[in-house]
Structures are given as structure tokens and as C-alpha cells.
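What follows is a set of notes on a single structure, which appears directly below.
The values are calculated or read from the model by the stated rules, or taken from the named source; none is laboratory data. Only a predicted model underlies this, so the values are computations on that prediction, with no experimental measurement involved. Neighbour counts run over all protein chains shown; Cβ positions are idealised from the backbone, glycine included. Side chains are part of the model used for accessible areas, which takes the heavy atoms of the whole protein and leaves out ligands, DNA and RNA. Shrake-Rupley method; radii C 1.70, N 1.55, O 1.52, S 1.80 Å.
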Amino acid sequence: MSPHAFAVFAALLRNRSGLTIGPDKLYLLETRLTPLLRQHRIANLDGLATRLAQGRCEKLARAVVEAMATNETYFFRDITPFAHFRDHTLRYLHASRPASASLRLWSAAASTGQEAYSLAMIVAESSPWLGARGIEIVATDIARTPLERARAGHYTQFEIQRGVPMAALVRHFQKQEAGWRIAENLRAMVRFQEWNLLTDLSPLGRFDVIFCRNVLIYFDRPTKMRVLEALAEQLAPDGVLYLGGAETTLGLTSRLVPEPGAPSVYRRVSDATGTIALEMNASSSAAASAIERRPVSRPRSGAFGTS
Amino acid sequence: MAVARCLCLVVDDSRVVRKVARRILETQGFAVEEAENGQLALDACRRHLPGAILLDWNMPVMNGIEFLQNLRREFGPERPPVLFCTTETEMSYIEQAIANGAQEFIMKPFDDDILLAKFAQVGLL
Ligand SMILES: C[S@@+](CC[C@H](N)C(=O)[O-])C[C@H]1O[C@@H](n2cnc3c(N)ncnc32)[C@H](O)[C@@H]1O
């Protein structure tokens with residue numbers, strides 16, 4: 001591949017999806033884009049770059065972006081963020097919101113849907129105490145093909161085994177001829193939608209919980225900053241953001257601070273005072289009243305939802 | 001710091017499966033003992049109760065579910081944790097495993113990722 005071609009791919013990916021690739025990732029371009037050549041009858045990667053540089057083929061550009069995305073995901077990935085969501089966030093939100101308010105959850109880089117369905121399983125299993133509480137799960141991704149799989153809710157035995165505990169498998173899946181299908185009530189709980197995190201997020205509305213995991217790692221620093229700012233904007237003042245294990249907000253935005261003692265968990269800082277915004281809502285419930293007013297500079301661990 | 005290694009009993013009539021499981025578990029610091037059917041596994045448990053059991057379903061002499069029933073009757077309802085590991089993948093088998101006190105269910109074929117994910121799910125890793 002010529003240096004020029006490499007530059008064309010790198011710029012296209014960076015502008016469209018935020019994916020940053022250095023020259024050390026040349027092999028990745030080759031392995032992931034070569035299948036596209038055959039499909040589109042292009043002789044080699046230089047030829048593909050030339051076509052893209054002409055800027056006339058939107059479909060081809062999209063295909064390149066999709067082919068370069070890493071879609072790997074699994075149910076209950078890393079376990080602890082999901083346990084935190086189940087044991088703290090969901091309980092807190094349920095206690096602090098009026099009964100008529102729906103809780104809105106967002107899986108912001110949903111890939112093939114395992115993250116969104118993991119949340120749906122937790123919600124379903126919390127129904128004894130959630131009662132009639134409305135819960136909306138929105139799951140978005142830039143890539144169309146994985147979203148189609150997500151909507152179908154059909155998973156291979158391998159995908160199931162990597163993350164779904166036996167008890168959840170029995171409760172929430174049906175065996176198919178090949179693989180397993182998510183139960184219809186869970187499938188109906190999630191709305192899958194194509195959405196690029198680099199575009200305006202405001203049409204998606206406000207969310208109480210955002211899972212945006214294992215996607216920022218692919219972005220360069222300015223893109224991470226920009227996306228985190230945009231996520232903060234969509235997060236309710238007392239909402240919670242979950243990032244991937246190798247991701248952080250530290251040094252990237254002052255609007256989202258890590259929850260002490262809870263890895264991958266971030267909260268919004270109120271814009272005006274620099275205090276954790278949670279306190280503004282801390283009167284409406286027992287769970288919430290356990291949370292004391294505290295300045296961001298002196299965060300205390302374990303106060304959230306531990307009552 | 002000397003920590004006693006967790007002993008995992010691998011029960012399977014296939015020598016290859018026992019070998020593969022042993023290799024994966026030993027890399028994670030488990031000590032491994034093998035048994036090729038349920039009866040031999042029960043004998044092993046009576047000598048020394050392991051910290052975990054990886055259990056095949058279809059075996060000669062005594063199959064996995066019979067072994068599990070005996071184990072729970074003799075040693076109580078929860079310990080040691082039992083992870084089935086079988087080519088049986090029908091829902092009815094999984095339900096039977098749960099009803100008889102198994103903690104997890106691995107469908108063959110398995111690999112390192114799956115085995116270790118399941119051991120993590122039951123708190124062994
Ligand atoms: C590694 S997966 C993460 C899946 C899941 N969140 C998890 O943690 O397991 C990364 C996903 O991010 C998506 N992605 C990459 N750039 C994106 C963008 N700019 N907007 C939305 N999704 C994007 C990819 O298509 C891919 O499905």
C-alpha cells in the first residue's frame with residue numbers, strides 16, 4: 001500500500017468514525033479491507049483509496065468504516081459494571097424518580113447487542129422490586145451489520161457461553177437449531193438504532209444511564225474529549241456513565257468524574273458549582289438522602305446507593 | 001505468601017478432554033485431579049473433597065447427573081461448586097443440572113475463554 005493510500009484511509013476513518021490508526025496498524029487495514037476489494041471489484045488497496053479519494057461513493061466509504069470497526073463484545077462484559085448498575089444505579093434511580101417517570105438507558109456503542117441485552121436481563125430480573133416502572137433501552141452503533149444481528153437477537157453457542165450464566169440462559173433464551181435466541185420480552189425492551197457518536201446526540205434525548213464501553217479506546221485525544229463532552233450533555237444530572245476498563249474521563253473532561261472505589265463508573269459534575277450534581281436531587285428518597293453533599297475535590301467512597 | 005492451590009476434579013471419560021481441561025486450569029494455578037467416571041469421582045471426593053468439579057454428563061459406570069446427586073446427598077447442597085461440561089445442550093439438560101445442584105453449565109466444545117469465564121462466573125477466579 002502506498003503512503004498516499006494509507007493517508008486516505010486514515011483520514012476517512014478518523015473523520016467518519018473517530019477511529020485512529022497509526023502506521024503500525026497497516027496489517028489491520030490489509031486484513032479487514034481485502035474482502036471489500038473482491039466485493040467491489042477493485043484490484044488492490046491503492047485502487048480502493050483512489051476511489052475513496054474521489055469522494056463519490058458513499059456506500060463504499062461506509063463499508064470501509066464498518067469493516068474497520070472492532071465489534072467484539074460479550075454478555076456482561078467485565079461483570080463489575082453490570083453488578084454496579086444492578087445493585088446501585090438501578091436501585092437509586094428507581095427510588096429517586098417519580099413512579100410515572102421512565103428510566104432511560106443507553107448502550108452507545110452496542111455492536112451486536114450483548115451489552116443492551118445484558119441490561120435488559122438485569123431489568124427483567126429486577127422486576128419484583130421495579131414493579132411497573134417504565135424502562136427504555138436505546139442501543140446505537142455506527143455500523144449497520146452488527147445492529148442487524150443485534151435486532152435478530154440470535155447468538156452462537158460460543159457467544160452465549162462467554163458471558164451468560166446458566167440461570168440466565170434458562171430464563172432468557174430459547175434454543176434454536178444453531179445457537180440461541182433472546183426471549184421476545186427482552187428483545188422488545190431494546191430499540192436498536194444506527195447512530196454515529198461524532199454527530200449531534202441531542203435527538204436521542206436525556207439518559208439516566210449511559211454504557212459507552214470499549215469504543216473511546218479507538219479514538220484520539222481530541223475525539224475522546226469531544227465525545228465525552230457530548231455524552232455529559234445527554235446524561236441526566238444524577239445519571240451514571242459506564243466506560244470500558246481501559247477508558248477514563250480523567251484529563252479529558254472535568255464534567256464527568258470517576259466514582260471513588262467503583263472502577264468504570266463516572267458521574268456528572270454540575271456545571272455551575274463544581275459539586276456532584278446528584279445532591280440537587282437528594283431529597284426524594286431514602287436511597288438518595290443517604291448521599292451527603294460533598295464537593296468534588298473531596299469525594300467520599302461508597303456513599304452512592306449503599307444504604 | 002504460600003496459598004494452598006484450589007484443587008479441581010476433572011471428571012470425563014475422554015482422556016483428551018481431561019488433558020485439555022488440565023492444561024487450561026493448571027495455567028490458572030489450579031491443582032488438578034482426574035477421574036474417568038462418576039464412581040471414581042465419588043471415590044476421589046470421599047478421600048479428599050476438591051474445591052471445584054468439572055463434570056461430563058455421559059460416562060460409563062456412573063454418569064454425571066447420578067454422580068451429582070450422590071455428591072449433594074453426601075456432602076451438602078452447595079460445595080464444592082460443580083460445572084457441567086457436556087455435549088448435551090438441550091434446555092431440559094440444563095434445567096436438570098440446575099435442579100440437581102450444579103452451579104454452571106459448559107457446552108462442548110469449549111476453549112480457554114469459555115472455561116475461564118465460567119470459572120469466574122462461579123467465583124473460582
Ligand atoms: C468493541 S465494540 C464495543 C461493544 C460494547 N460496548 C462492549 O463494550 O462490549 C466497539 C463498537 O463501537 C462502534 N463504533 C465505532 N466508532 C463509532 C462511532 N463513531 N459511533 C458509534 N459507534 C461506533 C463499532 O462499530 C463497534 O461496534
Exercise. Mind counting the residues in the stretch A:96-122 that are away from every other protein chain (no Cβ under 14 Å), of a type outside the set (S, T, N, Q), buried (at least 22 other Cβ atoms within 10 Å of the Cβ) and outside any strand (DSSP E or B)?
Key: 9
Practice problem: Tell me, please, whether a residue that is part of a loop (DSSP other than H, G, I, E, B) and within 14 Å of chain A (Cβ to nearest Cβ) can be found in the stretch B:72-85. | Solution: yes
Quiz item: Across the stretch B:71-87, which residue is modelled with the highest pLDDT among those that are farther than 15 Å from B:V10 by Cβ and open to solvent by less than 40 Å² (accessible area, probe 1.4 Å)?
Solution: B:R72
Quiz item: How many residues does the stretch A:152-164 hold that are within 11 Å of chain B (Cβ to nearest Cβ) and without any contact (Cβ under 8 Å) to a residue 60 or more places away in the chain?
Solution: 4
Practice problem: Scan the stretch B:108-125 residue by residue and report those that are of a type in the set (A, V, I, L, M), crowded, with 20+ Cβ neighbours inside 10 Å and in contact (Cβ under 8 Å) with a residue 12 or more places away in the chain. | Solution: B:L115, B:L124
Quiz item: Mind checking which pairs have a first residue in the stretch B:42-69 that is charged (D, E, K, R) and a second that is part of a loop (DSSP other than H, G, I, E, B) and open to solvent by 20 Å² or more (accessible area, probe 1.4 Å), Cβ under 9 Å, 6 or more apart or different chains?
Solution: B:D56/B:D13; B:D56/B:S14; B:D56/B:N63; B:D56/B:T87; B:D56/B:K108
Quiz item: Restricting the stretch B:95-107 to residues that are facing chain A (nearest Cβ under 9 Å) and within 14 Å of the chain's Cα centre (by Cα), which is surrounded by the fewest Cβ atoms within 10 Å (Cβ to Cβ)?
Solution: B:I98
Self-check item: Matching option when the condition is touching a His at 6+ places or on another chain (Cβ under 8 Å), more than 14 Å from the ligand (Cβ to nearest atom) and of a type in the set (D, E, K, R), among A:R133, A:R41, A:R86
Solution: A:R133
Quiz item: Taking the stretch A:162-212, which residues are open to solvent by 10 Å² or more (accessible area, probe 1.4 Å), of a type in the set (V, I, T) and either at positive phi or within 16 Å of the ligand (Cβ to nearest atom) (or both)?
Solution: A:V190, A:T199
Exercise. Would you kindly identify the helices (runs of 4 or more DSSP H) lying entirely within the stretch A:1-95 that contain at least 1 residues that are of a type in the set (D, E) and open to solvent by 30 Å² or more (accessible area, probe 1.4 Å)?
Key: A:26-40, A:45-54, A:58-68
Self-check item: Subset of the stretch A:136-161 (residues that are more than 11 Å from the ligand (Cβ to nearest atom) and not aliphatic (A, V, I, L, M))
Solution: A:E136, A:E148, A:R151, A:G153, A:H154, A:Y155, A:T156, A:Q157, A:F158, A:E159, A:Q161
Exercise. Read through the list (1) over 20 Å from B:R23 (Cα atoms); (2) among the polar types (S, T, N, Q); (3) away from chain A (no Cβ under 12 Å), then give the number of the only condition that B:S92 fails.
Key: (3)
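Evaluate the stretch B:104-120: report whether one residue or more is farther than 24 Å from A:E159 by Cβ and modelled with pLDDT of 95 or more.
No.
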Exercise. For residues that are in a helix (DSSP H, G or I) and open to solvent by 40 Å² or more (accessible area, probe 1.4 Å), tally how many sit in the stretch B:24-70.
Key: 9
Quiz item: Just one of the numbered conditions (1) outside the structural domain of A:M189 (by TED's automatic domain parsing); (2) out of contact with any Phe, Trp or Tyr (no Cβ under 8 Å at 6 or more places or on another chain); (3) more than 13 Å from the ligand (Cβ to nearest atom) is not true of A:S96; which one?
Solution: (1)
Practice problem: Could you grab me the full set of residues in the stretch A:236-255 that are closer than 16 Å to A:A108 by Cβ, buried (at least 23 other Cβ atoms within 10 Å of the Cβ) and not β-branched (V, I, T)? | Solution: A:G239, A:L241, A:Y242, A:L243
Practice problem: Among the residues of the stretch A:106-130, write down those that are of a type outside the set (D, E) and away from the ligand (no atom under 13 Å from the Cβ). | Solution: A:A120, A:M121, A:I122, A:V123, A:A124, A:S126, A:S127, A:P128, A:W129, A:L130
